[in-house]
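Asks: Quick one: this structure, given as structure tokens, is what I'll be asking you about.
Read the figures in this text as sums done on the coordinates, not as results from a lab. This is a predicted model, so every value here is computed, not measured. All Cβ positions, even for glycine, are placed from backbone atoms using ideal geometry, and neighbour counts span all protein chains on display.
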Ligand SMILES: Nc1ncnc2c1ncn2[C@@H]1O[C@H](COP(=O)(O)OP(=O)(O)OP(=O)(O)O)[C@@H](O)[C@H]1O
Ligand SMILES: [Mg+2]
């Protein structure tokens with residue numbers, strides 16, 4: 001077999017099949033039923049999501065991947081109750097989501113810490129709003145800050161932290177509210193490549209120690225395969241579920257698995273789902289420019 005002829009990721013070993021059978025037996029933490037979202041725009045109606053349905057099991061880490069504009073952020077905003085769907089429903093722990101609530105935590109790509117509060121005060125903010133005493137909120141905040149490895153920086157302010165450190169605080173702040181599901185929309189997208197890799201490992205380490213279900217939006221294939229139990233691949237225009245891919249790569253994950261056959265085969269499969277043969281040129285702006293203006297070389 002040449003190196004390009006990878007075994008199909010669908011040829012699951014008995015161990016992998018057993019792993020996913022165990023995953024399916026776990027309770028459903030998040031259920032999405034027939035979600036459709038249309039936006040009225042000056043250019044007409046945009047159907048961002050069309051009849052999207054899927055379930056995420058307790059303690060599962062699911063990545064959602066798809067081309068730019070396919071509705072990933074719209075989806076995650078609806079799941080977190082920040083946006084209402086045109087039709088369909090979302091259930092977290094069996095209860096319909098009707099707005100933002102303590103069951104759902106959110107970490108965005110942009111740095112969203114309160115700049116006037118220290119690291120500790122940022123993490124204490126949610127528990128204090130939920131009615132906890134300052135003493136309880138502070139001792140809990142210390143534990144979350146310790147979990148993300150920033151104990152030495154608890155009195156620092158956001159402007160004194162690197163991008164990766166800010167996102168670790170954002171994770172601690174979201175976890176401090178003890179949500180059932182943590183939604184992350186390209187949280188490492190603004191970081192340099194090395195910091196991004198480190199953050200992926202940090203996230204897996206944190207997830208190992210916290211009883212939480214994670215839905216993680218990304219457009220990075222390696223990130224999706226490295227983090228996920230399963231990957232939801234979305235089609236664009238309109239955003240529809242293309243396939244839900246079970247990642248056969250064993251846990252615990254490490255960077256050394258990037259070149260394992262199961263990692264490469266899964267990556268290749270998702271790449272093919274996202275870039276079906278014959279569609280590459282349609283999405284290339286340079287080609288459009290060349291066609292519309294033949295004088296431009
Ligand atoms: N508030 C809005 N009003 C009108 N159209 C919107 C709105 N929000 C999103 N859209 C449209 O819905 C579609 C999906 O957008 P969305 O931001 O969810 O995509 P995305 O997959 O997150 O993209 P990216 O990868 O670039 O972040 C796009 O066509 C976008 O223009
Ligand atoms: Mg987005």
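Asks: Measure off 7 Å from each Cα along the Cα-to-Cβ vector at residue 116 and residue 258, then give the distance between these two points in nanometres to one decimal.
Replies: 4.3
Asks: Report relative contact order for the chain in percent, whole number only (criteria: Cα-Cα under 8 Å, sequence separation at least 6). List each step's numbers first, then the result.
Replies: Working: 520 pairs, mean separation 68.9, N = 297.
So the answer I get is 23 percent.
Asks: Among 183, 125, 39, what is the fewest-to-most ranking by other Cβ atoms within 10 Å?
Replies: Working: 183 26, 125 18, 39 12.
If I rank by nearby Cβ atoms, fewest first, I get 39, 125, 183.
Asks: Most exposed first by the Cβ proxy, i.e. fewest other Cβ within 10 Å, how do 57, 159 rank? Don't skip to the end; give the middle numbers.
Replies: Details: 57 19, 159 9.
Listed from fewest to most nearby Cβ atoms, that is 159, 57.
Asks: Sort 138, 15, 243 by Cβ crowding within 10 Å, fewest neighbours at the top.
Replies: Numbers: 138 17, 15 9, 243 12.
Neighbour counts put them in this order, fewest first: 15, 243, 138.
Asks: Using 0.36 nm per residue of separation minus the Cα-Cα distance, give me the extension gain between residue 156 and residue 12 in nm, one decimal. If you can, show how the numbers build up before the last one.
Replies: Values: separation 144, 0.36 × 144 = 51.84 nm, distance 4.79 nm.
Stretched fully, the residue 156-residue 12 segment lengthens by 47.1 nm.
Asks: For residue 47 and residue 22, what does the FRET efficiency come to when R0 = 25 Å and r is the distance between their Cβ atoms, rounded to the nearest 0.05? Can you show the working numbers first?
Replies: Details: r = 36 Å, r/R0 = 1.45.
Calculated value: 0.10.
Asks: Can you give the FRET efficiency to the nearest 0.05 for residue 237 and residue 109, using r as the Cβ-Cβ distance and R₀ = 25 Å? Let's see the in-between values first.
Replies: Numbers: r = 22 Å, r/R0 = 0.89.
Computed FRET efficiency for residue 237 and residue 109 comes out at 0.65.
Asks: Also, quick follow-up: Please work out how much length the chain gains when fully extended from residue 194 to residue 55, using 0.36 nm per residue of separation minus the C-alpha to C-alpha distance, in nm with one decimal.
Replies: Details: separation 139, 0.36 × 139 = 50.04 nm, distance 3.21 nm.
Length difference between fully extended and current span is 46.8 nm.
Asks: Still on this structure, please answer the following. Suppose a student asked you for the relative contact order of the range 110-178, using Cα pairs under 8 Å spaced at least 6 residues apart; what percent would you report?
Replies: 48
Asks: Quick check on the range 110-178: what does the Kirkwood estimate of hydrodynamic radius come out to from the alpha carbon pairs, in Å? Kindly include the intermediate steps, with their values, before the conclusion.
Replies: Values: mean 1/r = 0.0873 Å⁻¹.
For the range 110-178, the Kirkwood estimate is 11.5 Å.
Asks: I need two numbers for the chain: Rg to one decimal and Dmax as a whole number, Cα atoms only, in Å.
Replies: For the chain, the Cα radius of gyration and maximum Cα-Cα distance read 20.4, 69 Å.
Asks: If you don't mind, another one. Hey, in the GNM for the chain with a 10 angstrom Cα cutoff, which one of 89, 205, 272 fluctuates hardest?
Replies: Looking only at 89, 205, 272, the biggest GNM fluctuation is shown by 272.
Asks: Okay, helix-only estimate at 222 nm for the chain: each DSSP H run of n ≥ 4 adds -39500 (n - 2.57), divide by all residues, round to 500 deg cm²/dmol; what do you get?
Replies: Details: 9 runs with 104 residues, N = 297.
Roughly -11000 deg cm²/dmol at 222 nm, from the helical runs in the chain.
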